[in-house]
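Read the structure below first, then the notes.
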Amino acid sequence: MVKVEIVDESNSPYGSDAASRTSSSTSLSSVSSELDADESFLDRLTALVDIVPPTTRHAISDRVSKSASLLKRGGKLAGNLVWILTTSALLVALPLALVLEDEAKIVAQEREILEQQKGQQQMLGPMYPPPEQQQKALVPPGF
């Protein structure tokens, strides 16, 4: 709060006399603003609150609180979304991937067995008929 005081100009260093003008430089140097050593930057900043009008301070406070609330809600929503995606991946995608991998192993084993059979047939040559023809030969024609 500002305190208003009426000052007599005759004793003031800022008077209109020429003699007092020369002495005003000496009196101004004695009135230098000394900083309090215990005063911090935060103390100075809080002292500036009175400069900003209350309506502007309230508007700034509302905007900051709304922005913080919006960021908090957005962070919570993003966290929930990440949680849903990771649990879904663990419960659905991981077992599915394991089943598909097992299926691929089975298919690869079947191919390997077929290749081995083809290789045996090629090595044995035409002297032994393929397994299907051997089964036909063992069954009598009347059956």
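The values are calculated or read from the model by the stated rules, or taken from the named source; none is laboratory data. Note that the coordinates shown come from a computational prediction; the quantities given were computed from them, not determined experimentally. Neighbour counts run over all protein chains shown; Cβ positions are idealised from the backbone, glycine included. Side chains are part of the model used for accessible areas, which takes the heavy atoms of the whole protein and leaves out ligands, DNA and RNA. Shrake-Rupley method; radii C 1.70, N 1.55, O 1.52, S 1.80 Å.
What the table shows:
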read-out	value
Answer from Val64, Val52 - the residue that is among the aliphatic types (A, V, I, L, M), modelled with pLDDT of 95 or more and either within 34 Å of the chain's Cα centre (by Cα) or open to solvent by less than 70 Å² (accessible area, probe 1.4 Å) (or both)	Val64
Selection from the range 119-143 of residues that are modelled with pLDDT of 80 or more and surrounded by 10 or more Cβ atoms within 10 Å (Cβ to Cβ)	Gly119, Gln120, Gln121
Residue satisfying condition, being surrounded by 10 or more Cβ atoms within 10 Å (Cβ to Cβ), out of contact with any helix residue (DSSP H, G or I) (no Cβ under 8 Å at 6 or more places or on another chain), modelled with pLDDT under 90 and farther than 23 Å from Met1 by Cα, within set Ser24, Ser88, Ser69	Ser24
